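Worksheet for the structure shown next.
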Ligand code: AMP
């Protein structure tokens, strides 16, 4: 697997692929990779001739006071995982390759961004769209894979691609969970042993709620169950897009998950 550390290095490699008519698959990530990211890379490999994965912790999607500075970073382990998953190229740009004039959120997210995450992280989806748009321009992928773990994000990206007529096919990838059903997330590393136990109740409670005959009614009892399980805050628990989506907080850690209704 090659590593490109600048936009120029990236286009030197992908330009050759394009000339040869090879289809490029792409997985954007913020690093601290786990089995969820690996599954996305494998899906990209299956859909494309050459697969690029980017590692870039995007400052534009963090608000002051969020975990940008402390977000876990482990490039060596990330590159080994990408290589094992079959990626051909890791793109690890510097900030000036992505934001030559400093981080900006100049690509506005559309209607899919309304509510849910945006009620708690109003800056988030404009930041995500701004980085993904730039990465698409630089990598020029034919397909790009995004996880259903971040379901609203997947919908926001699909909408951005549709509305701006971007020449890329978006593929959604199923949520990868640990042996107790906890959705894998780089932020799980923040959890203490006690918090991890509580975190593992989230998926079980969501699956329980959607098993009920009428899950589309509001979820006061679901909120109560989550609080009783030890979560400190339930930010939302809402049905949308045929999924039940939730964001909760345990101590300083914010977790999101969703299940099919
Ligand atoms: P991140 O590095 O957290 O920005 O995530 C990069 C990509 O991996 C996004 O498309 C996420 O939706 C996806 N992803 C993260 N965790 C999981 C998971 N547990 N299962 C499937 N996809 C995931």
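Only a single item in (1) touching a helix residue (DSSP H, G or I) at 6+ places or on another chain (Cβ under 6 Å); (2) within 27 Å of residue 5 (Cα to Cα); (3) within 14 Å of the ligand (Cβ to nearest atom) is not met by residue 117, and it is number (2). Scanning the stretch 46-61 for residues that are more than 10 Å from the ligand (Cβ to nearest atom) and in contact with a strand residue (DSSP E or B) (Cβ under 6 Å, 6 or more places away or on another chain) turns up 47, 48, 50, 51, 52. Just wondering, is there one or more residues in the stretch 198-206 that are closer than 19 Å to residue 115 by Cβ and either buried (at least 18 other Cβ atoms within 10 Å of the Cβ) or in contact with a helix residue (DSSP H, G or I) (Cβ under 9 Å, 6 or more places away or on another chain) (or both)? Looking through the stretch 198-206, at least one residue is closer than 19 Å to residue 115 by Cβ and either buried (at least 18 other Cβ atoms within 10 Å of the Cβ) or in contact with a helix residue (DSSP H, G or I) (Cβ under 9 Å, 6 or more places away or on another chain) (or both). Against the conditions (1) assigned to a helix (DSSP H, G or I); (2) in contact with a helix residue (DSSP H, G or I) (Cβ under 7 Å, 6 or more places away or on another chain), residue 166 satisfies every one except (1).
Only residues that are surrounded by fewer than 18 Cβ atoms within 10 Å (Cβ to Cβ) and closer than 14 Å to residue 135 by Cα were counted in the stretch 88-102, giving 4.
The rows are residues; the columns are (1) touching a strand residue (DSSP E or B) at 6+ places or on another chain (Cβ under 7 Å); (2) crowded, with 19+ Cβ neighbours inside 10 Å.
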site: 1; (1), (2): yes, no
site: 5; (1), (2): no, no
site: 19; (1), (2): no, no
site: 27; (1), (2): yes, yes
site: 31; (1), (2): yes, yes
site: 35; (1), (2): no, no
site: 41; (1), (2): yes, yes
site: 44; (1), (2): yes, yes
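When 64, 72 are screened for being more than 16 Å from the ligand (Cβ to nearest atom) and either in contact (Cβ under 8 Å) with a residue 12 or more places away in the chain or over 19 Å from residue 145 (Cα atoms) (or both), only 64 passes. Can you spot a residue in the stretch 185-199 that is more than 15 Å from residue 243 (Cα to Cα), within 11 Å of the ligand (Cβ to nearest atom) and assigned to a loop (DSSP other than H, G, I, E, B)? Among the residues of the stretch 185-199, at least one is more than 15 Å from residue 243 (Cα to Cα), within 11 Å of the ligand (Cβ to nearest atom) and assigned to a loop (DSSP other than H, G, I, E, B), which makes the answer yes. Scanning the stretch 107-116 for residues that are under 17 Å from the mean Cα position of the chain (by Cα) and either over 13 Å from residue 157 (Cβ atoms) or modelled with pLDDT under 95 (or both) gives a single hit, 116. Residues of the stretch 168-183 include at least one that is loosely packed, with under 14 Cβ neighbours inside 10 Å, modelled with pLDDT of 95 or more and over 24 Å from residue 114 (Cα atoms). Residues in the stretch 135-167 that are surrounded by fewer than 22 Cβ atoms within 10 Å (Cβ to Cβ), without any contact (Cβ under 8 Å) to a residue 40 or more places away in the chain and within 15 Å of the ligand (Cβ to nearest atom): 154, 161.
The values are calculated or read from the model by the stated rules, or taken from the named source; none is laboratory data. Given the structure is predicted, the values throughout are model-derived calculations rather than measurements. Virtual Cβ from ideal backbone geometry, glycine too; neighbours counted across all protein chains shown.
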